[in-house]
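Worksheet: the structure to be examined is printed underneath.
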Amino acid sequence: MKKDNLIISKKKFNSRLIVGTGKYKNMTECAKAIKISGADIVTVAVRRVNISDKKKPLLMDYIDPKKITYLPNTAGCFNSDEALRTLRLAREIGGWKLVKLEVLGDKKNLFPEMIETLKSTEILTKEGFKVMVYCNDDPLMAKRLENVGAAAIMPLAAPIGSGLGILNKVNIQIIRDQTKLPLIIDAGLGQASDATIAMELGCDGVLVNTAIAKAKKPFEMARAFRNAVIAGRQSFLSGRIEKKLMGSASSPKKGII
């Protein structure tokens, strides 16, 4: 079979599962879960994860950036200025240009602040960043992000860390139909079957953190998500049967004894 890579900004990745590095008990647990998940990309909250202070435990000591792509993100930013400053710092520290933009609206629901997000995407793109954008599931706004140069569209499935799964499949399908950009479900997944559903909707990948890190058995959940993404992708590529209101016998109607 032809290699089915995830392609973001012309770079190929073997896995369609992206995982976060937060909320684990410790960095050892984080590193093991990521290895089991098979992920090629990990998100790194620049404002929260130590990637520069050599006097403290470094993320690089546990997850080799030469083997796994770091995706710096702006978790904890609530306006454009904070987000821009954070990603510019990430570029200075590690030379990262492929980044995840996340500008939140408030501290309670953690929904994206789309006006600030749109503005930040346009500025970062002009500065040479390849911007993967956390956004709401509004097809119109997703199209605007594409028009200003986003490298990937990352609509939420549900509020960050909620575990509610995909709440609006219709909007996700509309976004899928209207864009050729990578479409990656970001935030709100709770179990492996949610990832399978996302992939069956035609998404190019899923990003998962809390569902793995806070599971009772994070290593087993990491393995479950790995398998779920593969199964969902295979199901999507296979082409599902048409939905019908009535039953249809699987055995022949003619030649019955």
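Restricting attention to the stretch 16-48 and to residues that are touching a strand residue (DSSP E or B) at 6+ places or on another chain (Cβ under 7 Å) and assigned to a loop (DSSP other than H, G, I, E, B), the residue that is surrounded by the most Cβ atoms within 10 Å (Cβ to Cβ) turns out to be Ala39. Scanning the stretch 154-172 for residues that are farther than 15 Å from Ala75 by Cα and touching a residue at least 40 places away in the same chain (Cβ under 8 Å) yields a total of 2. Count of the stretch 108-125 residues, restricted to those that are charged (D, E, K, R) and free of Cβ contacts under 8 Å to residues at least 12 places away in the same chain, is 1. Conditions first: (1) part of a loop (DSSP other than H, G, I, E, B); (2) in contact (Cβ under 8 Å) with a residue 24 or more places away in the chain; (3) charged (D, E, K, R). Arg91 passes all but one, so which condition is the exception? With (1) part of a loop (DSSP other than H, G, I, E, B); (2) in contact (Cβ under 8 Å) with a residue 24 or more places away in the chain; (3) charged (D, E, K, R) applied to Arg91, the lone miss is (1). Figure legend. Inter-residue proximity from the stretch 1-28: first residues at positive phi, second residues among the hydroxyl-bearing types (Ser, Thr, Tyr), beta-carbon distance below 9 Å, spacing 6+ or different chains. Indicated pairs: Lys23/Thr210. In the stretch 177-199, the qualifying residues are those that are in contact (Cβ under 8 Å) with a residue 24 or more places away in the chain, part of a loop (DSSP other than H, G, I, E, B) and out of contact with any helix residue (DSSP H, G or I) (no Cβ under 6 Å at 6 or more places or on another chain), and the one that is surrounded by the fewest Cβ atoms within 10 Å (Cβ to Cβ) is Gln191. Scanning the stretch 214-229 for residues that are more than 18 Å from Ala198 (Cβ to Cβ) and crowded, with 21+ Cβ neighbours inside 10 Å gives a single hit, Pro218.
Lys56 satisfies every condition listed in (1) modelled with pLDDT of 80 or more; (2) in a loop (DSSP other than H, G, I, E, B); (3) of a type in the set (Lys, Arg) except (1). Examine the stretch 200-220 for a residue that is in contact with a Ser or Thr (Cβ under 6 Å, 6 or more places away or on another chain) and outside any helix (DSSP H, G or I), and state whether such a residue exists. No, every residue in the stretch 200-220 fails to be in contact with a Ser or Thr (Cβ under 6 Å, 6 or more places away or on another chain) and outside any helix (DSSP H, G or I). Checking each residue in the stretch 68-88 for being outside any helix (DSSP H, G or I), modelled with pLDDT of 90 or more and not aromatic (Phe, Trp, Tyr) picks out Ile68, Thr69, Leu71, Pro72, Asn73, Thr74, Cys77, Asn79. Could you tell me which residue of the stretch 108-156 is surrounded by the most Cβ atoms within 10 Å (Cβ to Cβ), considering only residues that are among the charged types (D, E, K, R), more than 19 Å from the chain's Cα centre (by Cα) and not in a helix (DSSP H, G or I)? Selected residue: Glu127. Looking only at the stretch 110-142, residues that are more than 16 Å from Met154 (Cα to Cα) and of a type in the set (A, V, I, L, M) come to 2 in all. With respect to (1) surrounded by fewer than 24 Cβ atoms within 10 Å (Cβ to Cβ); (2) closer than 24 Å to Arg176 by Cβ, the lone exception for Lys100 is condition (1).
The values are calculated or read from the model by the stated rules, or taken from the named source; none is laboratory data. The structure displayed is predicted, hence computed values, not measured ones. Methodologically, a virtual Cβ is constructed for each residue, glycine included, from the backbone with ideal geometry; neighbour enumeration extends over all protein chains shown.
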